[in-house]
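Scroll down for the structure; my scribbles are underneath it.
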Amino acid sequence: MSQRRDHWSSNAGLVLAATGSAIGLGNLWKFPFITWENNGGAFVLVYLICIAAVGLPIMMAELLIGRRSQKSAVGALKEAVASKWPGGRWLGGVVGFWGVLAGFILLSYYTVIAGWSLFYFVKTMGWTFGGYPAGMSAGDLFTGQALNTGLQLLLSLGFSVATIAIVYFGVSKGIERIARIFLPILFGILLLMLVSALSMSGAGEALAHIFRPNFAELERGAVLEALGHSFFTLSLGMGAMITYGSYISRKHSVVKASGAIVALDTLIALIATVVMFSVIFSVAGMRDEVGGSTVGMLFISLPELFYSEVPFGVVLGPLFYVLVALAALTSTISLLEVVSAYLIDQRGITRKKATTGAGAAIFLFTTFAVLSIPGLLGVSTEGFFSGIEIFAGKVGWFATADHFVSNWMLPTGGFFITLAAGWFMTRESTRGELADGSEPRWFHYGAWRFFIRWVAPIAVAAIIVFVIRGTDFS
Ligand code: PFF
């Protein structure tokens, strides 16, 4: 309990680390494929509205709750609830712990997908120097590596060890330093890819597909999916941003940081989608092929195109998979930090023991995720891990965990966070955190308070009700 609290060394350090948490597989892998499945245009517009009306206010709420208490999720939420309801500390604690659990579960399968990017990095390096093997089936390559249990364990172990190593060194020396180095590289690679993609023949069609709304194509489930994804992509609803907020010193503005994090995350998701769609629309027949395998879009459709269609693809191919790996790594460190910070702040465990212990415990569940890949890919639903079906018709640990975290844990956690910031904390305390004289001109405290008290909780409650009623929007 007596360990001194580490802080971000500057506002830029916080913005980079939090943006690193937000930008991840959600932007590069999930957003393009859900945009594809929901026919672009109108879905993208709804997503942008969700980000601005729900994501941005909750981002501010999480950062302010953390900054105010200087404690990680559990302690911070206890204090937030206790501001108006001293007897309600337990409730804050329960919700904080719900977030820690969400981080634990999410990390257990996130590293598996992250591991795929390592595999494709090594493969594309080989093709760049040795040539792309003629006649190879990209689908078979993907399934082959995914079903190779030993390989999957090795890849996800590598990813987990890297994550633990960074979080082990703490906030300013580990997390912030890595974000400072990696994020600019990530932006640079993505911009290179954008320039290349925009020069392709399908770029115009891709832009029209993404940015021209056609409301006739929009289904009700898509609205909920957009809202759910805005939580996932901004790392909201499980206390990651509360934890990062607890390392902000008094000098730094929560509002400015939130604006920058949300804007950067959204920009990267859109650029990634433009890149991917431009490639797909430029190749005859690709559209139908992608239709069959949206989950594998990043790993099945793209690799071979780098070596046939994309200008400078031989260089961009390996760079692209490095980009995915780096983006995933800055997200996995924030997930492990949520669990570790809980152990450090609430249980008085040292950082070194907390990171290695939590990392090892999470890896145990990663093995379950690996063993359930046949279920995820629909190859086999045999065996304990691939056959397990707890609820919602999802087969295997991987799919069940993903469904549970994205559709249940993040929205319910997020709902409570809106109540904590909007209803349990006093007006003076939230105002003091947000409107402290350093806030930008576009910010209006009254508007924030309206969104956090009414718009955000009602929107999130709507998702939860639909999930309970069984609308399948995954
Ligand atoms: N925001 C990350 C992504 O888009 O991939 C996922 C994530 C990371 C969610 C950290 C939640 C979190 F705490």
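The values are calculated or read from the model by the stated rules, or taken from the named source; none is laboratory data. Remember, predicted model here, so these are calculated numbers, not experimental data. Virtual Cβ from ideal backbone geometry, glycine too; neighbours counted across all protein chains shown. Heavy atoms of the whole protein, side chains included, go into the accessibility calculation; ligands, DNA and RNA do not. Shrake-Rupley method; radii C 1.70, N 1.55, O 1.52, S 1.80 Å.
Please state which one of Ser301, Ser253, Ser249 is of a type outside the set (D, E, K, R), open to solvent by less than 10 Å² (accessible area, probe 1.4 Å) and at pLDDT 85 or above. Don't jump to the end; show me each part of the working.
On the way: Ser301 fails: at pLDDT 85 or above; Ser249 fails: open to solvent by less than 10 Å² (accessible area, probe 1.4 Å).
Matching residue, one of Ser301, Ser253, Ser249: Ser253.
Give me the pairs: first residue in region 63-81 and closer than 17 Å to Arg4 by Cβ, second residue of a type in the set (Lys, Arg) and in a helix (DSSP H, G or I), beta-carbon distance under 9 Å, and six or more apart or on different chains, which are they?
Matching pairs, first to second residue: Ser69/Lys78; Lys71/Lys78.
In region 46-57, is there at least one residue being over 19 Å from the mean Cα position of the chain (by Cα) and either more than 13 Å from the ligand (Cβ to nearest atom) or open to solvent by less than 20 Å² (accessible area, probe 1.4 Å) (or both)? Write out each step before concluding.
Just the residues of region 46-57 that are over 19 Å from the mean Cα position of the chain (by Cα), to begin with: none.
No, region 46-57 has no match at all.
I'd like the full set of residues that are surrounded by fewer than 11 Cβ atoms within 10 Å (Cβ to Cβ) and modelled with pLDDT under 90, limited to region 120-138.
Just the residues of region 120-138 that are surrounded by fewer than 11 Cβ atoms within 10 Å (Cβ to Cβ), to begin with: 129-131, 134-135.
Matches in region 120-138: Ala134, Gly135.
Sort through Leu157, Leu141, Leu147 and tell me the only one that's open to solvent by 40 Å² or more (accessible area, probe 1.4 Å) and at pLDDT below 95.
Values: Leu157 fails: at pLDDT below 95; Leu141 fails: open to solvent by 40 Å² or more (accessible area, probe 1.4 Å).
That would be Leu147, the only listed residue that is open to solvent by 40 Å² or more (accessible area, probe 1.4 Å) and at pLDDT below 95.
With a cut-off of at least 2 residues that are within 16 Å of the ligand (Cβ to nearest atom) and free of Cβ contacts under 8 Å to residues at least 40 places away in the same chain, name the helices (runs of 4 or more DSSP H) lying wholly within region 216-310.
Hits in region 216-310: 254-282.
What's the number of the condition Leu101 fails, among (1) surrounded by fewer than 21 Cβ atoms within 10 Å (Cβ to Cβ); (2) away from the ligand (no atom under 16 Å from the Cβ)?
Every listed condition holds for Leu101 apart from (2).
When only residues in region 14-33 that are away from the ligand (no atom under 11 Å from the Cβ) and surrounded by 21 or more Cβ atoms within 10 Å (Cβ to Cβ) count, which is farthest from Arg287 (Cα to Cα)? Talk me through it step by step, then tell me what you get.
Filtering region 14-33 for residues away from the ligand (no atom under 11 Å from the Cβ) gives 14-17, 32-33.
Adding the requirement that they be surrounded by 21 or more Cβ atoms within 10 Å (Cβ to Cβ) leaves 14-17, 32.
Values: Leu14: 40, Val15: 37, Leu16: 35, Ala17: 36, Pro32: 14 Å.
Result: Leu14.
Could you please find all residues in region 72-82 being farther than 9 Å from Gly96 by Cβ and either out of contact with any Ser or Thr (no Cβ under 8 Å at 6 or more places or on another chain) or open to solvent by 20 Å² or more (accessible area, probe 1.4 Å) (or both)?
Filtering region 72-82 for residues farther than 9 Å from Gly96 by Cβ gives 79-82.
Passing the criteria: Glu79, Val81, Ala82.
In this structure, is Ser406 open to solvent by less than 40 Å² (accessible area, probe 1.4 Å), part of a loop (DSSP other than H, G, I, E, B) and either among the polar types (S, T, N, Q) or at pLDDT 80 or above (or both)? Reasoning before the result, please.
Values: open to solvent by less than 40 Å² (accessible area, probe 1.4 Å): yes; part of a loop (DSSP other than H, G, I, E, B): no; either among the polar types (S, T, N, Q) or at pLDDT 80 or above (or both): yes.
No.
Looking at (1) of a type outside the set (A, V, I, L, M); (2) part of a helix (DSSP H, G or I); (3) within 16 Å of the ligand (Cβ to nearest atom), can you tell me which one Gly204 breaks?
All conditions pass for Gly204, except number (3).
Across region 409-426, which residue is modelled with the highest pLDDT among those that are among the hydroxyl-bearing types (Ser, Thr, Tyr) and in a helix (DSSP H, G or I)? Write out each step before concluding.
Restricting attention to region 409-426, the residues satisfying the condition of being among the hydroxyl-bearing types (Ser, Thr, Tyr) are 412, 418, 426.
Going one step further and asking which of them are in a helix (DSSP H, G or I), we end up with 412, 418.
Numbers: Thr412: 92, Thr418: 97.
Only one residue tops the list, namely Thr418.
With the structure loaded, tell me whether Leu107 is under 26 Å from Arg67 (Cβ atoms), surrounded by fewer than 21 Cβ atoms within 10 Å (Cβ to Cβ), at pLDDT 95 or above and out of contact with any Asp or Glu (no Cβ under 9 Å at 6 or more places or on another chain) or whether it fails that test.
In short, no.
Do we find that Val370 is more than 16 Å from the ligand (Cβ to nearest atom), surrounded by 24 or more Cβ atoms within 10 Å (Cβ to Cβ) and touching a residue at least 12 places away in the same chain (Cβ under 8 Å) in this structure? Break it down into steps so the answer makes sense when it comes.
Numbers: more than 16 Å from the ligand (Cβ to nearest atom): yes; surrounded by 24 or more Cβ atoms within 10 Å (Cβ to Cβ): yes; touching a residue at least 12 places away in the same chain (Cβ under 8 Å): yes.
Yes, satisfied.
Given the criterion among the small types (Gly, Ala, Ser) and at pLDDT 95 or above, identify the matching residue among Gly88, Gly55.
Numbers: Gly88 fails: at pLDDT 95 or above.
Gly55 is the lone residue from the list that is among the small types (Gly, Ala, Ser) and at pLDDT 95 or above.
(1) in a helix (DSSP H, G or I); (2) of a type in the set (A, V, I, L, M, F, W, C); (3) at pLDDT 95 or above: which one isn't true of Ile349, the others all being true?
The failed condition is (1).
Based on this model, can you work out whether Asn39 counts as open to solvent by 10 Å² or more (accessible area, probe 1.4 Å), away from the ligand (no atom under 12 Å from the Cβ) and touching an Asp or Glu at 6+ places or on another chain (Cβ under 6 Å)?
Numbers: open to solvent by 10 Å² or more (accessible area, probe 1.4 Å): yes; away from the ligand (no atom under 12 Å from the Cβ): yes; touching an Asp or Glu at 6+ places or on another chain (Cβ under 6 Å): yes.
The answer is yes for Asn39.
Filter the helices (runs of 4 or more DSSP H) completely within region 427-472 down to those with at least 2 residues that are within 28 Å of Asn38 (Cα to Cα). Give the steps one after another, and end with the answer.
Numbers: elements: 427-434, 445-450, 456-468.
Of the helices (runs of 4 or more DSSP H) lying wholly inside region 427-472, those with at least 2 residues that are within 28 Å of Asn38 (Cα to Cα) span 456-468.
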